[in-house]
Amino acid sequence: MKTTTQVAVIGGGVVGCSVLYHLTKLGWSDVMLLERSELTSGSTWHAAGGFHTLNGDTNMAALQGYTIRLYKELEEITGMSCGLHHVGGVTLADNQDRFDMMLAERAKHRFMGLETEIVGPDEIRKIAPITNTDGIIGALYDPLDGHLDPSGTTHAYAKAARMGGATIETHCMVRETLQRADGTWDVVTDKGTIHAEHVVNAGGLWAREVGAMAGVYFPLHPMEHQYLVTDAIPQIEAIIDAGGEHPHVMDPAGESYLRQEGRGLCIGFYEQPCKPWAVDGTPWEFGHELLPDNYDKITDSIEFAYERFPVLAEAGVKSVIHGPFTFAPDGNPLVGPVPGMRNYWSACGVMAGFSQGGGVGLTLAQWMIEGEPERDVFAMDVARFGDWINPGYTRPKVVENYQKRFSVAYPNEELPAARPNRTTPMYDIFTDLGAVWGQQYGLEVPNYFAKDGEPGYETPSFRRSDAFDATGREVRAVRTGVGINEVHNFGKYRITGPGARDWLNRIMAGRIPKPGRLSLTPMLSQKGKLIGDFTVSCLGETEFQLTASYGSQAFHMRWLLQHQVDGVSIENISDRLNGFQIAGPNATQVLAACTRDDLSDFCFLDVRRMTVGMADCIVQRVSYTGDLGYEIYCDPMAQRQLWWTLWQAGQSHDMVPFGMRAMMSLRLDKFFGSWMSEFSPDYTAAETGLDRFISYSKNADFIGRAAAELEQAEGPARKLVAFEVDADDADVNAYEPIWMEDEVVGFCTSGGYSHHARKSVALGFLPADRAADGSQVQIEILGQMRNARVISQPLFDPDGARMRG
Ligand SMILES: Cc1cc2nc3c(=O)[nH]c(=O)nc-3n(C[C@H](O)[C@H](O)[C@H](O)COP(=O)(O)OP(=O)(O)OC[C@H]3O[C@@H](n4cnc5c(N)ncnc54)[C@H](O)[C@@H]3O)c2cc1C
């Protein structure tokens, strides 16, 4: 056995083999895979082998499309069969909300180049004749749906990797992973120790245990899952005899997926009475085995299936496959460099290995070899969870995710499991004021404040929700008086030390402010992609505070720490610094009533230490509402005192608390982009207009400079613009296609209702040469074409006079 390698991939399931293949495909051949038993010995061998592109996250859907298209390539390279059946599939909609979701998905697919179609009951019966369409409104047809042979496919990946120079060691159990001082790894196996530069955890069912060998907790959990294979069914035999094959049918109402298997059918369920498996750890001795059949869990599901597919009622059961596989709390894979670790990579938590395995392998290989993936993969980045995550949180979220696998996913939905989890000292005060809570990165965040008689729960919807009135009330209160909300959901970092300024000049593309001032700056990747949109506040020549997205803390810390140098200290203080934002025309009067500091020379983009009431605060003269406003930061121990000070002073100035729904409407008035909607690694600074914050004149070779300069010289091909939309009861959410002259020319990034201007607003990308002010377009919202036009003049305070005060 080899004793040194550039990469040791632990785990020979479909995911580990895909990673190995993609490493060779992208040019690394000194790579090896270690498998404790035979290839496919985890979840892989008993998978049903189905694949599909449908995924709520657009980039995940694109990677699933890549995976499916890859199989033909694998077959060609290796000469092996993956047992492909591209039979197509329908996903049924039995109610308007589910149909709305499909209309939204279909619309997204237009600019993704996916040829899905909405079909009605008559067509469904033609495509999938065993379906009882009573109560079915329509379906989404995807010609790419299909199934394959899980074992054959995994072995094809393995053969392709070997052909690229990779080595595979089976019956080679990894017992320990020990890191050397230089960041490389000793991987201790039953067959000896391998010195590896990089380790990839593709341990599947055992990924938790493999992670623990390196002291890392991976937030995933195995669930039991069951599907049945029937004896021959005459109606299916008739289809086969006529030269056809029955397609896949997903019936979300029945939480089932169905396909042809041999001369019968195979049907699996995501049942509500589901069961987590191996709660305290996956036993090492669990081998090539199945769990005992459990019909009790799926009795209701089977009865429902008999109604939807009456042929099943007559069919005998040939076999039952009941096995475990793993999920992360949100059901997406855990991929990428593990935060806080050197040369340790994750490729686990993959619950749909045959839809996603190729995309996971490609992404990880790009990250390892090229330094960054080609697209925004935050939805599956292992850094999307913080260091607060633990098994107590993961398990209920995984159960919830399993149960909701086939549920309608609404854009405004707040999932209930594992909540409330992380709360600030304001939780009970805001609850008493009517807060309707949402959740962000484990943290409770008020979405809006309901008054007596208003619903204390926002009904999930694709259309304007029942939070509409409360949101409008809060927006108007901010614009006419003063609003207050917490700054708990900002990511906050302290950068200190003699090298801090120089280092920030290298990490951030924008200007680093002088003491007492703050600036806005993009953070770019080497390839010029947006990886952060930060506010940098200079508290002193060697002391800076950064603020950015709360949900990207682990993502940002991973990058900041990767680039740390001597003389610079970096601290994540997101939960150690809290406070409030006050915004609106009366904000200055409120602050003046709470401090003895002279505010007359406190200008827009100033930052200052101040005593507010009894709290020592850092106060910034800026607000994401686009209004006159202040961010007031303090120690969480002083936060309640600060609240009472501001709240009491606010009473004579029409102060109201406001939530995130109002915040998102307010920012639209000014066309301010939002992190992970307008600003993400999918886009560049020039495309999004953030290049206005890049300092090309500064004497620093900031990361991404060459790429940004090139783009500046050439000009971006597409541009982010704002639209006024003739919407009805549904606004833009994200990824709606934008049409011009019967052609899809762009897509939306976000949108909503401007309660201030009483207009529906969207932000989105258009080709640069078609993005002029006044350009007429159509935006497809829930299957309806809505007229819209490009607007460049903000809907509130267009010249910034009020914001600057
Ligand atoms: C009943 C059922 C039906 C399914 N149907 C589908 C489907 O239709 N479509 C679909 O896409 N997905 C399906 N899945 C899910 C699919 O099986 C998984 O997504 C996939 O198998 C995950 O692959 P993996 O490589 O991540 O993990 P695994 O297959 O679990 O592989 C991990 C490998 O790592 C090895 N390993 C672990 N620890 C060590 C160690 N210390 N040293 C050496 N080797 C180690 C294990 O032996 C194992 O071979 C189904 C799952 C089940 C249970």
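The values are calculated or read from the model by the stated rules, or taken from the named source; none is laboratory data. If you're wondering where the values come from, they're calculated on a predicted model, not measured in any experiment. Quick reminder, even Gly has a Cβ in these numbers, built from the backbone with ideal geometry, and neighbours come from all protein chains shown. Accessible surface areas use protein heavy atoms only, side chains included; no ligands, DNA or RNA. Shrake-Rupley method; radii C 1.70, N 1.55, O 1.52, S 1.80 Å.
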Please state, to two decimals, what the Cα-based radius of gyration of segment 315-367 comes to when divided by 2.2 N^0.38 Å (N = residues). 1.53
Quick check: the distance between the Cα centres of segment 11-44 and segment 106-139, to the nearest angstrom? 36 Å
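Based on DSSP H runs of at least 4 residues, each adding -39500 (n - 2.57), what is the mean residue ellipticity at 222 nm of the chain after dividing by all its residues, to the nearest 500 deg cm²/dmol?
Numbers: 21 runs with 216 residues, N = 805.
Calculated at 222 nm, the ellipticity per residue is -8000 deg cm²/dmol.
Figure the gain on full extension for Trp388 and His171 (residue separation times 0.36 nm, minus the Cα-Cα span) and round it to one decimal in nm.
This chain segment gains 74.6 nm when fully extended.
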Relative to the longest principal axis of the chain, what angle (0 to 90°, nearest 10) does the C-alpha long axis of helix 150-163 take? 80 degrees
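What is the local net charge at Pro585, summed over the other residues whose Cβ is closer than 10 Å to its Cβ (Lys, Arg +1; Asp, Glu -1)? Provide the component values of the computation, followed by the final result.
Details: positive: Arg479, Arg802; negative: Asp627, Asp654.
Net charge in that neighbourhood comes out at 0.
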Separation in nanometres of the label points that stand 7 Å from Cα toward Cβ, at Leu710 and Ala232: 6.1 nm
R0 = 41 Å: FRET efficiency of Glu123 with Glu370, Cβ-based, nearest 0.05? 0.40
Taking each pair of distinct Cα atoms in segment 271-364 once, what is the resulting Kirkwood hydrodynamic radius in Å? 16.7 Å
If one computes the Cα centroid of segment 745-760 and of segment 510-565, what distance in Å separates the two points? 28 Å
Please report, to two decimal places, log10 I(q)/I(0) for segment 570-649 at q = 0.20, 0.23 Å⁻¹ as given by the Debye formula with identical point scatterers on the Cα atoms and no solvent. -0.85, -1.12
A correct Kirkwood calculation over the Cα atoms of segment 42-125 returns a hydrodynamic radius in Å of 14.9 Å
So the carbon and sulfur contribution to the accessible area of segment 706-802, 1.4 Å probe, in percent, is 44 percent
Quick check: the angle from helix 553-562's long axis to the longest principal axis of the chain, C-alpha only, nearest 10 degrees? 90 degrees
Quick check: net charge around Ser346, other residues with Cβ under 13 Å of its Cβ, Lys/Arg +1 and Asp/Glu -1? +2
Quote the FRET efficiency, to the nearest 0.05, computed for Arg802 versus Gln648 with a Förster distance R0 of 25 Å and r equal to the Cβ-Cβ distance. 0.50
Kindly report the accessible area of the chain per residue (heavy atoms of protein chains, probe 1.4 Å, no ligands, DNA or RNA), in Å². 37 Å²
Pop out the carbon and sulfur fraction of the accessible area of segment 25-131 as a percent, whole number, probe 1.4 Å. 49 percent
For segment 174-234, the percent of accessible surface on carbon and sulfur atoms (probe 1.4 angstrom, ligands and nucleic acids excluded) is 53 percent
Between 0 and 90 degrees, rounded to the nearest ten: what's the tilt of helix 705-714 against the longest Cα principal axis of the chain? 90 degrees
Give the value in nm², to one decimal: projected area of the alpha carbon convex hull of segment 1-40, averaged over all directions. 2.7 nm²
If I histogram all Cα-Cα distances within segment 533-575 using bins 10 Å wide from 0, what percent of pairs lands in each bin? 24, 60, 16
Rounded to one decimal in nm, the spacing of the 7 Å Cα→Cβ label points at Arg476 and Arg789 is 2.7 nm
FRET efficiency, Lys191 to Val317 (Cβ-Cβ, R0 51 Å, nearest 0.05): 0.75
Send over the Kirkwood Rh of segment 360-460, from the inverse of the averaged 1/r over different Cα pairs, rounded to one decimal Å. 16.3 Å
For the charge dipole of the chain, defined by +1 on Lys and Arg C-beta atoms and -1 on Asp and Glu C-beta atoms about the Cα centroid, which residue among Cys274, Ile512, Val478 has the Cα displaced farthest towards the positive pole? Ile512
Full extension between Tyr295 and Glu115 adds, at 0.36 nm per residue less the Cα distance, a length in nm of 61.0 nm
Express as a percent, rounded to the nearest 5, the fraction of DSSP beta bridges in segment 394-529 (both residues included) that run antiparallel. 90 percent
Residues other than His22 with Cβ under 13 Å of its Cβ, Lys/Arg counted +1 and Asp/Glu -1, net out at -2
Plugging the Kirkwood radius over Cα pairs into Stokes-Einstein for segment 153-236, at a temperature of 20 °C and a viscosity of 1.002 mPa s, what D comes out in µm²/s? 134 µm²/s
Hull surface over four for the Cα convex hull of segment 81-214, reported in nm², is 13.1 nm²
I'd like the distance separating the alpha-carbon centroids of segment 443-489 and segment 572-643, in whole Å. 22 Å
Pairs to check: Lys397/Lys759; Lys108/Lys759; Lys25/Lys397; Lys72/Lys719. Give those whose C-alpha atoms are more than 25 Å from each other in this structure. Lys397/Lys759; Lys25/Lys397; Lys72/Lys719
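Taking Cα atoms of segment 613-716, Rg/Rh with Kirkwood Rh, to two decimals?
We get a ratio of 1.11 for segment 613-716.
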Alpha-carbon spread of segment 1-101, three principal axes, descending order, Å: 59, 27, 25
Semi-axes, largest first, in whole Å: what does sqrt of 5 times each Cα gyration tensor eigenvalue give for segment 416-508? 33, 17, 14
Spin-label point model (7 Å from Cα, Cβ direction): what's the Phe604 to Phe672 distance in nm? 1.3 nm
The chain: mean projected area of Cα convex hull, nm²: 33.9 nm²
log10 I(q)/I(0) for segment 198-313, Debye formula on C-alpha points only (no solvent), q = 0.13, 0.17, 0.21 Å⁻¹, two decimals, reads -0.67, -0.91, -1.11
